[in-house]
Amino acid sequence: MTFKTSTTLPAFSADGAANAATASTALGNLPTWKLSDLYPSAASPEYKAALEKAQEGAKAFEAKWKGKLQAAAELTGEKGLGAALKEYEALDDLLGRIGSFAGLTYFSDTSNPANGKIYGDAQSKLTDLSAHLLFFALELNRIDDAVIDAAIANDALTAHYKPWLVDLRKDKPHQLDDSLEQLFLEKSMTSAAAFNRLFDETMSDLRFEVDGKSLALEETLNLLQEPDAQTRKKAAQALSATFKDNLRVFTLITNTLAKDKEISDRWRKFEDIADSRHLANRVEREVVDALALAVTQAYPRLSHRYYQMKAKWLGMEQMEYWDRNAPLPDTSNAIIPWEDAKDTVLSAYGDFAPEMADIARRFFDEQWIDAPARPGKAPGAFAHPTVPSAHPYVLVNYLGKPRDVMTLAHELGHGVHQVLAGGQGALMCATPLTLAETASVFGEMLTFRKLLDNTSDRRERKALLARKVEDMINTVVRQIAFYQFERKVHTARKEGELTAEQIGELWLSVQQESLGPAIRISEGYESWWTYVPHFIHSPFYVYAYAFGDCLVNSLYAVYQNADEGFQDKYFELLKAGGTKHHSELLKPFGLDATDPSFWNKGLSMIEGLIDELEALDKE
């Protein structure tokens, strides 16, 4: 498969060709990623050899170590537990590399049946291979803690993996016997994974009719940021109409996955519907509950207050739901070329730490970014870490809006974090979601502050502040509302299958509470829960965004008042990957997420920006 730099955005319909060409000229050259860094293609000898090596390696590992880990824990050297862990890590890296290539190929164009086959075949093979490795974690968790502690004390190689071993044992209370674990693993292909893929392919195929043009999801959502109110309304109505036409399939997917999760949680003896996510995030339920409560109590001071101000700026008593992200009057609607976005982010990163900019620059120079919006491409944006033996990749759908620049800064923050954490190796580089958002949100904040410091014009400053406040509200208030919605859906699903109308009612209840009286929730919005991928791919993921934003707000306040040395401590935090608990990582900065007042510190920064906007209004 060949990847090259694209010089034009593809036309999304015959009618839209001229507009697309104009937009692409203004955006400049948008890069596509070079997946050949992983494998030349799915048909290449290298990819086929990797699959064969993985299959042989998984079977050989099982034959060598299954039933022998108890004895290995009492040995050192080539027969010791550390040697087994090292072999397991190498296999994990290989399987991760294969899965990353197949997944990124698929998300490049989910509408291409060939890509779907590559992805589906890889998932199937990796699931089969993982069945040979499943015993490892299960058998390790059957060894007494005292034996594991002794192995860590007596063998340097085992000691290297101590954070992973300690972390693994947190899963022990929810571990099933080997045959059940294997059944859950193998059935995942025809249960959760299958419905995830159905969602992705359905969403990718959706088209939205706006003024006679057939648009993809990203293009249509982008119209909600247009200055013309009628354009926003038409886009919202098109979104609502298509979501409504597809409610049946999205309702089925949501019901099936909620039930699938309930079955898994029940077998694994999780008490609360979100406890499995809290465990995966290595964060205590009480901490998340405190975050959710603090944000909910702050709705009147944040979203309600801001949207009331915005309605006044737009000359409205009450905004429609499609006006929520409208630009302020007199705000420039100029398209920001790709090179300008690149320079802005790299400059902001470089001002903080040259090393940070150097790492981020590699994403541009070495084609680790896929930027154009095109039919079939996965919507939204993400940074995929792949594996430490390779490098991360970033996907964005760049359309030249100011928010697209912030999205680029956000995803490159993830990318920098993933590069730095890669030094921990395949088993310990992954960061819990709650901390995974730290570098991304910090990168956004650096970029925002850079732009704000360089802006003297009052109107431009107001527009920048407003966009940042809206982004923070979307990240904190909106995501906690999403979390509350998920809690309601999963709780209600325990009583029986939910209709689309019931899910819509739950959606509207949390949206109205979080958005406040300044926004009118009119007909059509009840189906907008359908397009949020996090509900499907990662139940209860969403609170991690609010966690990360509030954490970074507190962290940035420390940075603003810090003497020299903050950058070094920050890089140590990123390099730690998944080897430390959030309490250990925040301690050098004098922060503690278990302190009930911690979240209010982060929320107060958002409130302070709203205060600044209000002060500008009075000048």
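The figures follow:
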{"item": "Some residue of segment 191-201 being open to solvent by less than 20 Å² (accessible area, probe 1.4 Å), under 22 Å from residue 41 (Cβ atoms) and in contact (Cβ under 8 Å) with a residue 40 or more places away in the chain", "result": "no"}
{"item": "Which listed residue, of 41, 13, is part of a loop (DSSP other than H, G, I, E, B), modelled with pLDDT of 95 or more and within 31 Å of the chain's Cα centre (by Cα)", "result": "41"}
{"item": "Residue match in segment 121-144 (condition: open to solvent by 70 Å² or more (accessible area, probe 1.4 Å), touching a residue at least 12 places away in the same chain (Cβ under 8 Å), assigned to a helix (DSSP H, G or I) and within 30 Å of residue 370 (Cα to Cα))", "result": "yes"}
{"item": "Some residue of segment 566-574 being more than 23 Å from the chain's Cα centre (by Cα) and of a type in the set (A, V, I, L, M, F, W, C)", "result": "yes"}
{"item": "Qualifying residue in segment 56-75 (condition: closer than 23 Å to residue 425 by Cβ, open to solvent by 80 Å² or more (accessible area, probe 1.4 Å), at pLDDT 95 or above and touching a Phe, Trp or Tyr at 6+ places or on another chain (Cβ under 9 Å))", "result": "yes"}
{"item": "Pair list, Cβ under 7 Å, 6 or more apart: segment 519-542 residue closer than 14 Å to residue 247 by Cβ and surrounded by fewer than 20 Cβ atoms within 10 Å (Cβ to Cβ), other residue modelled with pLDDT of 95 or more and hydroxyl-bearing (Ser, Thr, Tyr)", "result": "524/240"}
{"item": "Candidate set: segment 317-339, residues that are at pLDDT 95 or above and surrounded by fewer than 15 Cβ atoms within 10 Å (Cβ to Cβ); chosen: the one farthest from residue 523 (Cα to Cα)", "result": "339"}
{"item": "Entirely in segment 509-619, the helices (runs of 4 or more DSSP H) that have 2 or more residues that are of a type in the set (Ser, Thr, Tyr)", "result": "543-561"}
{"item": "Residues that are of a type in the set (Asp, Glu), within 21 Å of residue 40 (Cα to Cα), touching a residue at least 24 places away in the same chain (Cβ under 8 Å) and open to solvent by 30 Å² or more (accessible area, probe 1.4 Å), drawn from segment 351-393", "result": "366"}
{"item": "Residue check, residue 82 under 30 Å from residue 198 (Cα atoms) and either open to solvent by 20 Å² or more (accessible area, probe 1.4 Å) or part of a helix (DSSP H, G or I) (or both)", "result": "no"}
{"item": "Matching option when the condition is over 30 Å from residue 48 (Cα atoms) and in contact with a strand residue (DSSP E or B) (Cβ under 8 Å, 6 or more places away or on another chain), among 165, 217", "result": "217"}
{"item": "Matching option when the condition is modelled with pLDDT of 95 or more, closer than 24 Å to residue 471 by Cβ and part of a loop (DSSP other than H, G, I, E, B), among 398, 349", "result": "398"}
{"item": "Answer residue from segment 481-518, given it is touching a helix residue (DSSP H, G or I) at 6+ places or on another chain (Cβ under 8 Å) and basic (Lys, Arg) and is nearest to residue 304 (Cα to Cα) among those", "result": "488"}
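Here is a yes/no grid of residues against (1) β-branched (Val, Ile, Thr); (2) open to solvent by 10 Å² or more (accessible area, probe 1.4 Å); (3) at pLDDT below 95; (4) more than 30 Å from residue 105 (Cα to Cα):
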| residue | (1), (2), (3), (4) |
| --- | --- |
| 218 | no, yes, yes, no |
| 226 | no, yes, yes, yes |
| 253 | yes, no, no, no |
| 256 | yes, yes, no, no |
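The values are calculated or read from the model by the stated rules, or taken from the named source; none is laboratory data. Owing to the predicted nature of the structure, the values given are computational and were not obtained by experimental measurement. As a convention, Cβ positions derive from the backbone with ideal geometry for all residues, glycine included, and neighbour counts pool all protein chains shown. To get the accessible areas, we keep the full protein, side chains included, count just its heavy atoms, and leave off ligands, DNA and RNA. Shrake-Rupley method; radii C 1.70, N 1.55, O 1.52, S 1.80 Å.
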